Every structure is written in structure tokens, then in C-alpha cells.
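Below is one structure, written out as C-alpha cells; comments come after it.
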Ligand SMILES: Cc1cc2nc3c(=O)[nH]c(=O)nc-3n(C[C@H](O)[C@H](O)[C@H](O)COP(=O)(O)OP(=O)(O)OC[C@H]3O[C@@H](n4cnc5c(N)ncnc54)[C@H](O)[C@@H]3O)c2cc1C
């Protein structure tokens, strides 16, 4: 008779497969539950494990981009999925694109043939807490309804979201500080919690016109008929309800004295610090389905953002994710029920590579825990560490999922004139700092895996 599993992983997507394999490689018996082939999510079209549901690209492989640096981190830390992506790479310039069928088949083979992994098909509808072993939930952005209800019962209704409402983020260096002013509404809170971009009436009307005539991404079939929560409506939906609606909504100027005029502007776009380092700023209330080129053009009309560098574009999709900063600890354990932990897109990372990175971390951290050790998070100055720290950064009041980007990392030292560098020099400096920190962490905690 097979020995009992020591860990249960739910979800055979990117995070679940990476996590299960890392555990199994360290001698831990894993039961991996995947609802396919009996049931698929609305985005899936195959029955394989680790399905790439849309693009076949894992984005740029150039380490001067944060995602390329994350590839490098994952390769060096021993990621199964990155190794198999490399093995099934197809030509795509500097992007890491893969033959999706070969990639999925290779992951399936590695998982099914691993002596420490048992794959069990079928939807998990009850959280198997009574089994008394650690459970990793990695059921992704389209987690089945029954399991989502179980998660809600454990976390509370308001802590699991079913839609994201992602506002664009711009880098601090790219904001024109001559045009914006720091102030909190009615002087409440810290003065520099918000930057304000003031508009006069002609600027506001031109902006609304550009917004209403921009191009938008269509809804997926399974997103149609959605009722947006008040406060999460896309900015274009609010704008379409009347020419002044934004001025009475997210662009409300009241309580914000412009130091240049001593008065309130006609309308204001507020930027809120995206992290405690204030290296990146979020356009408050500007969640949008606008195409990315139009986001650059239309949002570039906002005074102070004419030359904005977009670290993350706005979006709105169906997505199941936790309010992780309030719920999870560094090992991605549910603080109120540490037997349970989460990996992948459910934790609020966004994208194939980021979900793999999350699965890798959870697998390694749990394996260390079962061996009686604690693994510290990779440093925040690395791409992998910055992403994981972002997930648990409770200084951000309204958590939204995110791809990895430079703005998640601490600022380059002010003393070395970081603000004066151009974008290319900043990226090179981030890369150098990240590699040094990453290699030191690998040498200390995953010996044998250094560059
Ligand atoms: C429509 C759409 C398009 C996307 N396009 C892209 C893109 O182009 N590029 C990109 O980088 N990212 C894209 N993403 C995001 C990407 O799919 C996710 O980041 C990534 O797949 C998440 O990995 P994961 O392992 O967390 O979840 P998934 O890869 O979704 O894996 C979760 C697995 O859990 C299974 N499951 C769910 N519920 C249960 C249950 N109750 N019991 C057992 N099994 C269950 C599912 O069948 C699935 O196999 C897209 C997402 C969607 C929805």
C-alpha cells in the first residue's frame, strides 16, 4: 500500500506543479489534485497539467527587464518549469516563448513519473483539513466555485476577490515634480501619501474626450454581464455616465489646495504611493480596460505624467485572489490556519512566470519547514524577492495583483544620484544590485545553486 502523503497540493497549474515537484525532489510525498480532465476552467482548452491558457510567451528573457531577471532567478534556484520552458523554447526574439503543447507534456511527464508524486484527478470541493497535513492551494485565477466558497469560509467574504481592478503604476523618476504637488485631502494623513496632478477645465474636457474615444479590450465571454462593485468600476465606465462624473468621483478636487494657486483645481488625478519606498505611484481609481498604447497616450495628457514610465498597465479581469498582505505570512501560510498555504495567482501575483515563482517559493519554504528550518525570503532587491515581498506588504491599503516590475524594489541609493540617471542606467544598476543580493542568498540558503 502506498505511504500516506505528507503534503496535499490542490491545482495542477504552473504554481501547483512547480511546488509539488520541489517538495518531491526533497523526498516529500505529495498528493497533487487537479480537476482536469473531469472539469476545465473557462480559459482552459486542454487536459494537460501546467497549461498556458493564452499567449505562449513567458515574456522578455533579457535580464535588463524585471521579468527576464526573474527568469534568471528561477533558473538558478532550480525551477522545473523554467528548465522545461528553456528545453521547449521557440524562436521569439528576446522573449522566452515555448511550444505550449510540448511544454505542458514535459511538465506532465516530470510530475507523473516522479516517485514521490501521486496525481489525483477531480475537483476538490472540501478543504481536506482533517487529513492533518500541510495543504497548498494553487487553484489559480479561475478557482472552482465550490473551493472558493471554502476559502471564503476560512478568510471572510471581503478577503477573497473575484475580479481585479488594476490601476496603472508609474515610476517615481518619470513624474514631473514641477507640475504635481504632495498633499492629502483635507490635510489628513501624511502630506506625501499622495501626489496630485491638477487640471483646469479645458484640460479636463480634453482628457474626458480622449478617454471616451480610446480603444478598449473586449470582455472575455465568461466576464460578460459582470456587475462592478462601486469603487471598482473601470474609469471609462464612470466617464461614460456623464461628463462631470469623474470630477465628482476619482478626479474630485475638493480639499486639495494647489500651492501654486492657493485654490482647488477644476479636477485632480491623485497618485498614491504603491510601496513604502515610494518608488512607484498608482493612479487612484484609474482601473481600465483601455489598450496599453492608449493608456500611454491618454494618461500622458495628465499634467505631470507627460513622460510617465508605466511599470504596470491598468486592467480589469476575472481573477480570484486573496487580500494576501492581511492574510498570509512570508511562507504564504494563512495566519489564522497555518496548515493551509497558498501559491500562484491566488496570492496576488500576476502571470505565468510570477505564478511559477510563487510556487517555487512555497515549495522550498515548506520543504525547509518540514526539515525543521526556516527559509528567509529572497532579498527585496532581487526580482523574485521583490515580487514575494509585494504580496505580503501590508503598508499597501488596497491590494491588487501585479506582474513583477522595478517599482517593487527599494530605490537605488539616493546618494549615488539615482534620480539623475537615465532609464537604461537605472535598469543596469538595479540588475547589478539584484544579482549580488541573489547570489549571496542562494549561496547561503540553496548551496550549489549559485551562478
Ligand atoms: C483568460 C486568461 C488569459 C491569460 N493570459 C495570460 C498571458 O497571456 N500571459 C500570462 O503570463 N498570464 C496570463 N494569464 C494569467 C495566467 O493564466 C496565470 O498567471 C497562471 O496560469 C496562474 O498560475 P496558477 O498555477 O496560479 O493557476 P493555473 O495555471 O490557472 O492553475 C490552476 C489549476 O487549478 C485547477 N483547479 C481549479 N480549481 C480546482 C479545484 N477545486 N480542484 C482541483 N483543481 C482545481 C485548474 O484546473 C488549474 O489547472 C491569463 C489568465 C486568464 C484567466
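The values are calculated or read from the model by the stated rules, or taken from the named source; none is laboratory data. Predicted model, so just to flag it, every value in this text is computed and none were measured. Neighbour counts are summed over all protein chains in view; Cβ atoms, including those assigned to glycine, are modelled from backbone coordinates with ideal geometry.
Here is how the numbers come out for the structure above:
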{"read-out": "Candidate set: the range 26-64, residues that are more than 7 Å from the ligand (Cβ to nearest atom) and free of Cβ contacts under 8 Å to residues at least 12 places away in the same chain; chosen: the one surrounded by the most Cβ atoms within 10 Å (Cβ to Cβ)", "value": "47"}
{"read-out": "Lone unmet requirement of (1) crowded, with 24+ Cβ neighbours inside 10 Å; (2) closer than 30 Å to residue 29 by Cβ for residue 370", "value": "(1)"}
{"read-out": "In the range 328-365, residue farthest from residue 395 (Cα to Cα) [restricted to those that are in contact (Cβ under 8 Å) with a residue 24 or more places away in the chain and part of a strand (DSSP E or B)]", "value": "339"}
{"read-out": "Complete set of residues in the range 233-250 that are in contact (Cβ under 8 Å) with a residue 24 or more places away in the chain and surrounded by fewer than 16 Cβ atoms within 10 Å (Cβ to Cβ)", "value": "240, 243"}
{"read-out": "Candidates 77, 2 - the one that is more than 11 Å from the ligand (Cβ to nearest atom), in contact (Cβ under 8 Å) with a residue 40 or more places away in the chain and outside the structural domain of residue 359 (by TED's automatic domain parsing)", "value": "2"}
{"read-out": "Filter result (within 20 Å of residue 249 (Cα to Cα) and outside any loop (DSSP other than H, G, I, E, B)) within the range 313-327", "value": "315"}
{"read-out": "Enumeration of residues in the range 136-184 that are within 30 Å of residue 258 (Cβ to Cβ) and part of a helix (DSSP H, G or I)", "value": "172, 173, 174"}
{"read-out": "Any hit, the range 251-266, residues being in contact (Cβ under 8 Å) with a residue 60 or more places away in the chain and buried (at least 22 other Cβ atoms within 10 Å of the Cβ)", "value": "yes"}
{"read-out": "Failed item in (1) over 23 Å from residue 50 (Cβ atoms); (2) within 11 Å of the ligand (Cβ to nearest atom), with residue 131 passing the rest", "value": "(2)"}
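To keep it simple, each residue is scored yes or no on (1) farther than 16 Å from residue 22 by Cα; (2) at pLDDT below 95; (3) more than 16 Å from the ligand (Cβ to nearest atom).
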{"position": "355", "(1), (2), (3)": "no, no, no"}
{"position": "376", "(1), (2), (3)": "yes, no, yes"}
{"position": "381", "(1), (2), (3)": "yes, no, yes"}
{"position": "394", "(1), (2), (3)": "yes, yes, yes"}
{"position": "406", "(1), (2), (3)": "yes, yes, yes"}
{"position": "416", "(1), (2), (3)": "yes, yes, yes"}
